[in-house]
Amino acid sequence: SLMAATSTSALSTNSRAGRALMSEARRVENNGEDGDYDFVGEYSIKFQGCHHVQQWNSNLDQDGGDNDEDQVRIMTKRLVRFRLCPIDSCNSDKSSGCSSKYGDYIVDMSTFVQSYMGGMADEKDRVCETVDEYCQEACGNNYDGSCLETCYDSYDAAFCLEEDLAETYGFDVDQYLECNQVDFKNRRLSKGARKLNDQVEYYIGPFCAAQGGEIHFGLFTDDTCTTRADNGDSTFYNYAGYNLPFGDDSLIPNRCLKCGYKDDNGEYETNEACSNIYQMSGKCETRMNVDYPNESSCDYIEGIKIIREDGVIRTSSIRKSKSAAVAIGVFITLSVLLAGYVFYLRTKLSRAQINLQAANAPLT
């Protein structure tokens, strides 16, 4: 079926981005030594969401110069959370992907997106060709575009239409997988658009959208892609003459992506893209069915389950201090005892005054 064809697409390990990412990951994870991650081929990647964290812009200290006042001090760092589910139990229709024998991971968005898109470049032609065949037949002579959009969305393949849009207008998606400056000076302004302000530099890069559930392209005014441009979508359209690709649809589909396929011997061969992402990520493998689970990032991952609408993380679990709890309990207990003792003394004093008054009363 079509759904089976699209849901089994995997990240290719032969892409340039995949190979580069994997080699760098091995060095980081194993201090320069290659590791054995063949077991990853038995799993599928399920995108869980993305998060923003704020951190100091270290480039300010390195660059220096007179323009520091105009640069962003607190930059946005974007992270992607994903899950490795057993291939046979990964469900594309569930946001969690699976409920047992899984591992949770977190990795830099740039690392994830570049590797993922590099792998998708090897697979998208087959996937999009299949979806296009079904949707063209389903929509027939419906030329308003809404039918095709709905059809592609139903197969979680909206990226196919976005890729077509980008290619039509010469928009290089790969160029903006990391924050990169865009030049509008040679573009013809759309009717009614204001003249481009030469003092404003615009940048395009991926960011967390849909409350962290999707990754879109956005228009920014700084080289860290932290400050969103005012009316970014309309600004891009006015100066480029077309809608920003992946401005409304996610770069990353929600399908389960297989990390390996069985060879002639029935053993899984892991593709490089999954291995690259795996090795570069923080890991929480408490529920994973492996001999030596890596739990080094469990606390951090647990702390970013809940996010604000703007995609900025906030802690979902606040660690309780036992010493503070004991101190508060002792304080409350002493306060209650002291209040009771004060009440006792006050009652006793009141009775003593009544008895004294009775004793001093004149006899009649």
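The set of residues in the stretch 265-287 being surrounded by 23 or more Cβ atoms within 10 Å (Cβ to Cβ) and either over 21 Å from the mean Cα position of the chain (by Cα) or among the charged types (D, E, K, R) (or both) consists of Asn271, Glu272. Look at (1) modelled with pLDDT under 90; (2) polar (S, T, N, Q); (3) under 18 Å from Ile106 (Cβ atoms) and you find that Thr286 fails only one, number (1).
Looking at this structure, is Ala229 closer than 18 Å to Glu178 by Cα and of a type outside the set (Ser, Thr, Tyr)? Explain how you work it out, then say what you get.
Numbers: closer than 18 Å to Glu178 by Cα: yes; of a type outside the set (Ser, Thr, Tyr): yes.
Yes: the conditions hold for Ala229.
For every residue, the table says whether it meets (1) modelled with pLDDT of 90 or more; (2) basic (Lys, Arg); (3) over 32 Å from the mean Cα position of the chain (by Cα).
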{"position": "Asp172", "(1), (2), (3)": "yes, no, no"}
{"position": "Leu177", "(1), (2), (3)": "yes, no, no"}
{"position": "Gln181", "(1), (2), (3)": "yes, no, no"}
{"position": "Arg187", "(1), (2), (3)": "no, yes, yes"}
{"position": "Gly192", "(1), (2), (3)": "no, no, yes"}
{"position": "Tyr202", "(1), (2), (3)": "yes, no, no"}
{"position": "Ala210", "(1), (2), (3)": "no, no, no"}
{"position": "Ile215", "(1), (2), (3)": "yes, no, no"}
{"position": "Gly218", "(1), (2), (3)": "yes, no, no"}
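Only residues that are surrounded by 12 or more Cβ atoms within 10 Å (Cβ to Cβ) and small (Gly, Ala, Ser) were counted across the stretch 128-176, and they come to 5.
Considering only residues in the stretch 230-286 that are part of a helix (DSSP H, G or I) and of a type in the set (Gly, Ala, Ser), the one that is nearest to Val173 (Cα to Cα) turns out to be Ala240. Note on the stretch 152-164: residues that are part of a helix (DSSP H, G or I) and either over 15 Å from His216 (Cα atoms) or of a type in the set (Val, Ile, Thr) (or both) total 4. What pairs can you find where one residue is in the stretch 46-63 and under 17 Å from Ser110 (Cα atoms), the other is at pLDDT below 90 and assigned to a helix (DSSP H, G or I), and their Cβ atoms are less than 8 Å apart, with a gap of 6+ or different chains? Between residues of the stretch 46-63 that are under 17 Å from Ser110 (Cα atoms) and residues that are at pLDDT below 90 and assigned to a helix (DSSP H, G or I), the close pairs are Gly49/Gly212; Cys50/Gly212; His51/Gly212. Quick check: anything in the stretch 61-70 open to solvent by less than 50 Å² (accessible area, probe 1.4 Å), at pLDDT 70 or above and not aromatic (Phe, Trp, Tyr)? Checked the stretch 61-70: no residue is open to solvent by less than 50 Å² (accessible area, probe 1.4 Å), at pLDDT 70 or above and not aromatic (Phe, Trp, Tyr).
The values are calculated or read from the model by the stated rules, or taken from the named source; none is laboratory data. Model, not experiment: these values are computed from the prediction. No Cβ is skipped: glycine too gets one built from the backbone with ideal geometry, and neighbour counts run over all protein chains shown. Each accessible area value is taken on the protein alone, full model and side chains, heavy atoms only, with ligands, DNA and RNA left out. Shrake-Rupley method; radii C 1.70, N 1.55, O 1.52, S 1.80 Å.
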